[in-house]
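The values are calculated or read from the model by the stated rules, or taken from the named source; none is laboratory data. Note that the coordinates shown come from a computational prediction; the quantities given were computed from them, not determined experimentally. In this analysis, Cβ positions are derived from the backbone assuming ideal geometry, glycine residues included, and neighbour counts consider all displayed protein chains.
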Amino acid sequence: MSDPREVRRQIRDGKWRRPTAGLAPGFVQTNLVILPRDLAFDFLLFSQRNPKPCPVIEVTDVGSPEPTASAPGADLRTDVPRYCVYRDGRLTQEVSDLRWVWRDDLVSFLLGCSFTFEAALLQAGVPVRHIEEKKNVPMFITSIACRPAGLFRGPLVVTLRPIPAALVARAVQITGRYPGVHGSPVHIGDPAAIGIRDLGRPDFGEAVTIRPGEVPVFWACGVTPQAVAMQARPPLMLTHAPGHMFVTDLRNEELAAS
């Protein structure tokens, strides 16, 4: 599917419940965090202090599920393939519709997603293994602490993409043009240096093949708020399920640095 409106319609109608990597190429995908109003400022401050994992694309009006700037007419309660419901830091449910839990005091944050720059990597001849293998991108909780803000504190989460050694510099250059969707990598090489013990056992997503001559390259990930929720334990946090993003009407190049 290449039209973001059609992608959202298919999701809303229950016809797409899988990860969204590769859908609507050329259009921005985002992570989703929904919080009660009394926690929204602290989370906005957390995002401002941690722009790599939490680059803010849009913040909705209180109580509104419509992201009017990035996808007018969309509904954040129904237009994501799968959602997570966290209560007091525990993942209590994974669901396909948030209308039953929606409240008039909720504020939604759309955060940039690295799926956005994958089209540019592919166009430049840089392989994206989880797309090749039709898997959810592997994600790992690291030993790197985010800068805290109010209630919100916890570890950085990263995505992994194995890159042929000769193409690592190109991958860094390409993704660096997209600071609004995590930008350049946060770490290249030895996973143990950032607290990752086993690349074959991601904390979220699925393991992918790492071929001889490839280097593990790690980008900040918008699943970070979910790891933070487990530690900070807000009474209620609603998010996308890892790898199941919101597809906007924004074009990738709108977020590219000149």
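If only residues of segment 205-258 that are charged (D, E, K, R) and not in a strand (DSSP E or B) are counted, the one that is modelled with the lowest pLDDT is 253. Contact annotation: residue pairs with Cβ atoms under 7 Å, 6 or more positions apart or on different chains, pairing a residue in segment 203-218 that is on the phi > 0 side of the Ramachandran plot with a partner that is not hydrophobic (A, V, I, L, M, F, W, C), are 205/136; 205/138; 205/242; 205/243; 213/164.
Put simply, of 79, 105, 88 the only residue that is within 27 Å of residue 4 (Cβ to Cβ), outside the structural domain of residue 194 (by TED's automatic domain parsing) and not small (Gly, Ala, Ser) is 79. The residues of segment 114-134 that are in a loop (DSSP other than H, G, I, E, B) and either surrounded by 16 or more Cβ atoms within 10 Å (Cβ to Cβ) or of a type in the set (Asp, Glu) (or both), listed by number, are 114, 126, 127, 128, 133. Residue-level analysis places residue 173 among those that are free of Cβ contacts under 8 Å to residues at least 40 places away in the same chain and either assigned to a strand (DSSP E or B) or surrounded by fewer than 19 Cβ atoms within 10 Å (Cβ to Cβ) (or both).
Is one or more of the residues making up segment 2-14 in contact (Cβ under 8 Å) with a residue 40 or more places away in the chain and under 30 Å from residue 147 (Cβ atoms)?
Of segment 2-14, the ones in contact (Cβ under 8 Å) with a residue 40 or more places away in the chain are 4-5, 7-8, 11-12, 14.
If we keep only those that are under 30 Å from residue 147 (Cβ atoms) too, we end up with none.
No, segment 2-14 has no match at all.
In the condition set (1) buried (at least 23 other Cβ atoms within 10 Å of the Cβ); (2) basic (Lys, Arg); (3) at pLDDT below 95, residue 8 is compliant with all but (3).
Screening 181, 157, 186 for residues that are more than 17 Å from residue 129 (Cα to Cα), touching a helix residue (DSSP H, G or I) at 6+ places or on another chain (Cβ under 9 Å), crowded, with 23+ Cβ neighbours inside 10 Å and at pLDDT 95 or above leaves exactly one candidate, 157. If we keep just the residues of segment 154-168 that are among the β-branched types (Val, Ile, Thr) and assigned to a strand (DSSP E or B), which is farthest from residue 233 (Cα to Cα)? This residue is 163. Checking the structure you have, find out if any residue of segment 191-211 is surrounded by 15 or more Cβ atoms within 10 Å (Cβ to Cβ) and more than 24 Å from residue 121 (Cβ to Cβ). The answer is no, given that none of the residues of segment 191-211 is surrounded by 15 or more Cβ atoms within 10 Å (Cβ to Cβ) and more than 24 Å from residue 121 (Cβ to Cβ).
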